[in-house]
Amino acid sequence: MNIIFLGPPGAGKGTQSKRLEAQYGIAQISTGDMLRAEVKADSAIGREAKALMDAGKLVPDAIIVSMLESRIQKPDCAKGFILDGFPRTVAQAEALDGMLKRLGRKIDVVLMLQVDEDALAERIAGRFSCAKCGASYNDVSNPLKVENTCDHCGSHDFVRRADDNRDTVASRLTAYRNETLPLLPYYEDRVTVAYINGMAPIEEVSAQIDAAMSEVEQITQK
Ligand code: ADP
Ligand code: ADP
Ligand code: ZN
């Protein structure tokens, strides 16, 4: 099962991807997480990406596409993958199509997670994640069950993203509107696009996604 997760920053893509990863035995590929790892390692890619990420601007397609191309050929993607935060531009989507064609694979579904802009700022302001396993939490809507302890891996180490501040969020939303939203008509013409109401509580969003996924599974088995 190969899934593309579309939706604005803070919509809940990472949260839902982590769950799908476990449920379907497929790999979550977050280009944002990959870039943050490059920045942390102070690699050539990291050095080029950092200023753009801090400004809420997109990293050049060429860097992202080559990073993704090697990632989807790793063994953990054999059963499938969830693309979280990629593609973000029509050029990236076209590059992905070419890549998948060469590899003899295809996208089964695009999940479009819809959330009102007002709610996004609040979600992003309260976001933090586990430094060890990457699980995403929220001060208000998705707190830790036990204080200072990750529900998933028990770690006591948490991080907040440098780009989760008001100015950067505004630029990220602009980039989303101008460069990523045009992907919807692109995919509407090519694959099944399932619209998910991301305003609902996390468990309800999960239930909507599961319903959409079983429909896709029925189609792909036919
Ligand atoms: P969010 O999940 O909040 O939308 P991400 O973690 O996906 O944020 O992305 C963080 C930053 O990393 C983006 O603002 C952008 O600078 C960069 N980035 C991530 N994925 C891509 C991509 N596919 N193309 C270009 N830039 C990207
Ligand atoms: P994205 O990967 O799309 O940028 P995240 O999965 O990191 O988004 O979620 C953004 C923030 O919103 C996190 O703090 C997360 O815990 C919280 N969140 C995720 N889904 C929901 C939801 N359905 N309702 C309320 N808060 C949510
Ligand atoms: Zn953890």
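No lab work stands behind these numbers, since they all come straight from the coordinates. Given the structure is predicted, the values throughout are model-derived calculations rather than measurements. Note: ideal-geometry Cβ built from the backbone for every residue, glycine included; neighbour counts use all protein chains shown.
For a straight C-alpha distance cut-off of 23 angstrom, the lysines reachable from K50 (same-chain residues fewer than eight places away being disregarded) are K13, K40, K132. When all alpha carbon pairs of the range 138-222 are counted in 5 Å bins from zero, the resulting P(r) reads 3, 10, 11, 13, 18, 18, 14, 9, 4, 0 %.
If I take all pairs of Cα atoms in the chain, what percentage of them are more than 24 Å from each other?
42 percent
Taking the chain as a whole, the Cys residues whose C-beta sits 4.7 Å or farther from every other Cys C-beta are C77.
Counted over the chain, the DSSP beta bridges are approximately 30% antiparallel. Charging the Cβ of each Asp and Glu at -1 and of each Lys and Arg at +1, and nothing else, the dipole of the chain about its Cα centre rounds to 600 debye. Within the chain, the selection of entire DSSP H helices by a Cα span of 24 Å or greater along the long axis and an average Kyte-Doolittle value of at least -0.5 returns 202-221. Distance between the C-alpha centres of the range 69-99 and the range 164-222: 16 Å, rounded to the whole angstrom. Loop-located trypsin sites (Lys or Arg not before Pro) across the range 100-195 with a Cβ neighbour count of 10 or fewer within 10 Å are K145, with loop assigned by DSSP. Loop-resident chymotrypsin sites (Phe, Trp or Tyr not before Pro) (DSSP state other than H, G, I, E or B) in the range 79-151 with no more than 10 further Cβ atoms inside 10 Å of their Cβ are absent. Overall form of the range 87-200: prolate. Here a/c, set by the Cα gyration tensor axes a ≥ b ≥ c, is 1.5 or more, and a/b is the larger of a/b and b/c.
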